[in-house]
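Coordinate-derived values only; no laboratory data. Remember, predicted model here, so these are calculated numbers, not experimental data. Neighbour counts run over all protein chains shown; Cβ positions are idealised from the backbone, glycine included.
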Amino acid sequence: MSLRNLDKIDKEIISLLQNDSTVTHSQIAKNLNRSQPAIGSRIKKLTDKGILATQNGVDFSKIDDLNLVILEISTSRPEKIIEMAQICPYLINAIKISGVQNVIAFMACSSLKRLDNIIDHHFRSSPYISSISMNLVSGMANKFILPVDFHIEDFKSPDDPCHLCGDCEELMKSEK
């Protein structure tokens, strides 16, 4: 669906929900001078079409002991990094982009050393990755909410092998 297919009311509903996800259908209806059932119907339509979605997770603008890093990756196989993001609990998301660095990925962990070890193991040694840089996010203007698998923190030492990423290992082996 295209943004052109959204009318003014749909866009207002989305804006109100983006500003306050706890706003009720009745409050939206009152604000937009519409009936609550009409608003409910529009929200259901937007949700069913996948336009309106909810992302629960950690607000990284509020957490100070969980490191968020952005990886900029140049790879001949961007689909493999995307696939890795669907498997690896440390990799929150990966986005294919244009340019020399053709994938951006988000990773999180309380230990920067652990993240660097995982990047070494999973990416820097990969034959289809020509360059990778890790950038620590040190601030942000707005809320930044991403899902986090808290099992990633179940390690005794930052040097422990990535024991939670057995599927990652299989993906890496399939490429060699």
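Would you give the gap between the C-alpha center of region 85-156 and the C-alpha center of region 1-71, rounded to a whole Å?
27 Å
So how strong a dipole does the chain carry about its Cα centre when Lys and Arg Cβ are +1 and Asp and Glu Cβ are -1, to the nearest 20 debye?
On the way: 20 positive and 22 negative charges, 206 e Å.
Result for the chain is approximately 980 debye, rounded to the nearest 20.
What dipole magnitude, in Debye to the nearest 20, does region 3-48 give about its Cα centre under +1 on Lys/Arg Cβ and -1 on Asp/Glu Cβ? All intermediate terms of the calculation are to be shown ahead of the outcome.
Working: 8 positive and 5 negative charges, 28 e Å.
With Lys and Arg at +1 and Asp and Glu at -1, about 140 debye.
Can you tell me the length gained on complete extension of the stretch residue 33 to residue 64, counting 0.36 nm per residue apart and subtracting the Cα distance?
Numbers: separation 31, 0.36 × 31 = 11.16 nm, distance 4.12 nm.
Extending this stretch completely gives an extra 7.0 nm.
At residue 5 and residue 146, where each label point lies 7 Å from the Cα along Cα→Cβ, what is the point-to-point distance in nanometres?
Result: 3.0 nm between the two label points.
In the chain, how many lysine pairs have Cα atoms under 18 Å apart, counting only pairs 8 or more places apart or on different chains?
The result is 14.
Helix-derived [θ] at 222 nm for the chain: sum -39500 (n - 2.57) over DSSP H runs of at least 4, divide by residue count, nearest 500? Don't skip to the answer; put the middle values down first.
Numbers: 6 runs with 59 residues, N = 176.
Dividing the helical sum by the residues of the chain leaves -10000 deg cm²/dmol.
Let me have the relative contact order for the chain, percent, based on Cα pairs under 8 Å that are six or more residues apart. Walk me through the numbers on the way to the answer.
On the way: 226 pairs, mean separation 41.6, N = 176.
Computed over the chain, the figure is 24 percent.
Could you list the trypsin sites (Lys or Arg not before Pro) in region 113-143 that lie in coil according to DSSP, counting only those with at most 15 other Cβ atoms within 10 Å of their Cβ? Kindly include the intermediate steps, with their values, before the conclusion.
On the way: sites: 113, 114, 124, 143; in loops: 143.
Those that pass, being in a loop and sparsely packed, are 143.
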